[in-house]
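The values are calculated or read from the model by the stated rules, or taken from the named source; none is laboratory data. Source: prediction; values computed, not measured. Note that we place each Cβ from the backbone using ideal geometry, even for glycine, and neighbour counts take in every protein chain shown. All accessible areas refer to the heavy atoms of the entire protein, side chains included, with ligands and DNA or RNA removed. Shrake-Rupley method; radii C 1.70, N 1.55, O 1.52, S 1.80 Å.
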Amino acid sequence: MFSYTLHATDGAARAGTIATAHGDVPTPSFMAVGTAGTVKAMTADAVRATGARVVLGNTYHLMLRPTAERVASLGGLHKMMDWPGPILTDSGGFQVMSLAKLRKMDEAGVTFRSHLDGSAHFLSPERSTEIQHLLDATISMVLDECTPHPATYDEAASSMALTHRWAVRSRAAFQPRAGYAQFGIVQGSTYEVLRRDAAATLAAQNFEGYAIGGLAVGEGQDTMFAMLDITAPCLPAQKPRYLMGVGTPDDLLGSVARGVDMFDCVMPTRAGRTARAFTSHGIFNLRNARFIDDAGPLDEACPCLCCARHSRAYLHHLFRCEEMLGPILLTTHNLTYYQSLMQGARAAILAGRFETYYATTRAGWADG
Ligand SMILES: [Zn+2]
């Protein structure tokens, strides 16, 4: 069975466990983004060593290459990428809108041309759900429209209504299996009344979990937090809550404080490939000349391979020489740091001292 058990709350922050067909996930949880069936620069063993329990796959990329049918014939995404743990796939909708060419969206779905070779494709709620089934996603997402920002009230309301009609169709197309889940997605832009409407409408459909979408799209952190303050209490307490595409360490802790359980973001992996490190002393750019003679570890509080074995000076050298090992080590570190942050938050919530953990961690970021 797919289930969420809430162990403790501290303010609005929650510590729980998600049980799935592919293993348990302690929450709060950060999911490593494995866009095209790989977390870039990382072996599956290396991803496991960071403490990650869930990886994310992108429907848009996988439907184009190698195709969902081919992934299925290879035994599914778990087998193909050597990740027996839980996998969450997105619906493909967000990336169709941001990457594909010649898009045409109507009630039926989205017709588009591949950004790779111009070939024509169609994505509907039914086809997106089928693709995610073929990929063998532990957690599937409904096809939604991520409302662009900014949007007028009328634009946001009509976009949300389409998302709700597509949610009904996605739910009807979903083939229930023990330990598998499908999440609905709350839209509604920056309008409180729409966010409440979306949460209530989707909650009535009894999804296994709920995502909050359409945030971190340029509205700013204060507005994002305000929308979480509105939305999270409207969602069922006994189901997991996933904030899509967020964010910085500060975004994560602020969202945990508001009742979010799950996150994904390309930030730690993408930053790792461009010499930026998230640490307990804030964000560093390892290309900076200040590190050229720095023999100390990147983050003395971090248990990862990069911090245990290598110096800041070596990392600086690797990035200056554009060696592959630089992105590998920094991705390892950044993912480990994000996992440590979530583990620390969970322990603090269970001990009833989340507020202290939040304040101490933020003070650490300011002292680097
Ligand atoms: Zn580290």
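Points to keep in mind about this one:
- Of the criteria (1) out of contact with any helix residue (DSSP H, G or I) (no Cβ under 8 Å at 6 or more places or on another chain); (2) among the hydrophobic types (A, V, I, L, M, F, W, C); (3) surrounded by 21 or more Cβ atoms within 10 Å (Cβ to Cβ), which one residue 108 fails: (3)
- Scope region 325-337; condition more than 9 Å from the ligand (Cβ to nearest atom), touching a residue at least 12 places away in the same chain (Cβ under 8 Å) and open to solvent by 10 Å² or more (accessible area, probe 1.4 Å); matching residues: 327, 328
- Scan region 321-337 for residues that are within 27 Å of the chain's Cα centre (by Cα) and in a loop (DSSP other than H, G, I, E, B) and the total you get is 1.
- Of the strands (runs of 3 or more DSSP E) lying entirely inside region 1-74, those containing at least 2 residues that are surrounded by fewer than 21 Cβ atoms within 10 Å (Cβ to Cβ) are 3-10, 13-20, 23-27.
- Screening region 217-320 for strands (runs of 3 or more DSSP E) wholly inside it with 2 or more residues that are away from the ligand (no atom under 16 Å from the Cβ) returns the ranges 241-243, 262-264.
- Those residues of region 152-178 which are over 19 Å from residue 211 (Cβ atoms) and among the basic types (Lys, Arg), in sequence order: 177
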